[in-house]
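Read the structure below first, then the notes.
The values are calculated or read from the model by the stated rules, or taken from the named source; none is laboratory data. This is a predicted model, so every value here is computed, not measured. Glycine also receives a Cβ, built like all others from the backbone with ideal geometry; neighbour counts cover every protein chain displayed. Protein only, heavy atoms only, side chains kept; ligands, DNA and RNA dropped before computing areas. Shrake-Rupley method; radii C 1.70, N 1.55, O 1.52, S 1.80 Å.
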Amino acid sequence: MIRGWAAQKRVRVTSASRTKRRVVIALLAAAVSISGISYTCAQPYPNRPVTFLVPYAPGGGTDVYARMLGEELSSKLHQPFVVENKAGAATQIAAASLVNAAADGHTLMMGSSTTLAMNPALYNKLSYNVDDFAPVALVGSAYFVLVANPSVPAKTLPELIAYIKSQPPGSLSYGSSGAGTPHHLFMEMLLSMIGAKMTHVPYKGSVPALTDVIAGNVPMMIVDLTPAQQLIEEGKIRAFGITSPTRAVPAPSIPTIAEAGLPGYSGEGWFGVIAKRGTPNQIIEVLHKTISDYVARKDIAEKIYAMGIQPKVGTVEEFSRFIPAEQAKWSKVISDAAIPRMN
């Protein structure tokens, strides 16, 4: 009896030990599995070079600003952020590249008011949908100024408005850097607000348009402040107002169009960093903080102002709300001006 009882006890002990070992092994396996999942989810960002798309040619203000941001991101996040210029088709070429990229933060783009707010109301078919993108950080807006050849018989904005309205509709012309550009739409918004019509003369870029304004071949235009500022100071063209809601830091003596005589007028050619929709929030947050901290620095802000750009800092949520508001604004301007949609 004693031997039988001992044998049964040994069997029970052995069985209990085996069960315990199975539980331990199962727990270890689960721990390894969880560890593997955690490692996968916590892969460092970025873990390879990042492509930073710029939808304009090299050398312009947006390109220079993007390269500044790229250098800072490379320094802080320890991977190269390589600027790739993909100009053309009103920013659609670059936008399509972002749409076709993976939603992992390794392809970014310097999106703009053209890409995100104006194009949807201007084109019958786009190579992208605005919903394809995830806002990261609104970083700035370029200053624009309304200028005219000195032969135009006006020295103030009210005088210019009166002159435009005194002429037969369409008899006066204005230049722009191309159909559907901010230069074009800013002027159409002004004309809509004063109830006047002029003939639009689109050029292939703002420089040839500005050259013709200087020569008197086209009487006026709205142009980027940077190429116009020296010409204004030399008296080769006359400035009537900045399109932004606030005066330009590089040219504080020029009033805004709103304060010069057209209350409520406001046009900004803004831009901000965007990613592919579906990019993890953790990556968006890392990018946003790095970019915003950089733009908020006083020394960096001074460099940005010197390029004719107003630096902007805000939250991802503010940028997300700003985009549809701008879409609605420019859709109305385009509709009111009866600007035909393009293919």
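Checking each residue in the stretch 45-64 for being in a strand (DSSP E or B), touching a Leu at 6+ places or on another chain (Cβ under 8 Å) and surrounded by 20 or more Cβ atoms within 10 Å (Cβ to Cβ) picks out Val50, Phe52, Leu53. Condition check: in contact (Cβ under 8 Å) with a residue 24 or more places away in the chain and loosely packed, with under 15 Cβ neighbours inside 10 Å. Does Glu326 satisfy that? Taking the combined requirement at face value, the residue does not satisfy it.
Among residues of the stretch 203-221 that are under 16 Å from Leu185 (Cα atoms), those with a beta-carbon under 7 Å from a residue that is in a helix (DSSP H, G or I) and open to solvent by 40 Å² or more (accessible area, probe 1.4 Å) at least six positions away or on a different chain give the pairs Ser206/Pro227. Take the conditions (1) within 27 Å of Ala338 (Cα to Cα); (2) buried (at least 18 other Cβ atoms within 10 Å of the Cβ); (3) modelled with pLDDT of 95 or more; Ile237 misses just one of them, which is (1).
Scanning the stretch 294-309 for any residue that is in contact with a strand residue (DSSP E or B) (Cβ under 6 Å, 6 or more places away or on another chain) and either of a type in the set (S, T, N, Q) or open to solvent by 60 Å² or more (accessible area, probe 1.4 Å) (or both) turns up nothing. Within this structure, Ala179 passes the test of being open to solvent by 50 Å² or more (accessible area, probe 1.4 Å) and aliphatic (A, V, I, L, M). Among the residues of the stretch 188-218, those identified as surrounded by fewer than 21 Cβ atoms within 10 Å (Cβ to Cβ), over 26 Å from the mean Cα position of the chain (by Cα) and part of a loop (DSSP other than H, G, I, E, B) are Gly195, Ala196, Lys197, Met198, Gly216, Asn217. With the requirement that a residue be open to solvent by less than 10 Å² (accessible area, probe 1.4 Å) and within 18 Å of Gly314 (Cβ to Cβ), what does the stretch 116-145 give you? Once the filter is applied, which keeps residues that are open to solvent by less than 10 Å² (accessible area, probe 1.4 Å) and within 18 Å of Gly314 (Cβ to Cβ), the stretch 116-145 yields Leu116, Ala117, Val136, Ala137, Val139, Gly140, Ser141. Of all the criteria given as (1) open to solvent by 20 Å² or more (accessible area, probe 1.4 Å); (2) over 21 Å from Glu159 (Cβ atoms); (3) part of a loop (DSSP other than H, G, I, E, B), the one not satisfied by Gln230 is (3). Restricting Gly272, Gly261, Gly278 to those that are open to solvent by less than 50 Å² (accessible area, probe 1.4 Å), more than 19 Å from Gly314 (Cβ to Cβ) and either in contact (Cβ under 8 Å) with a residue 60 or more places away in the chain or within 20 Å of the chain's Cα centre (by Cα) (or both) reduces the list to Gly261.
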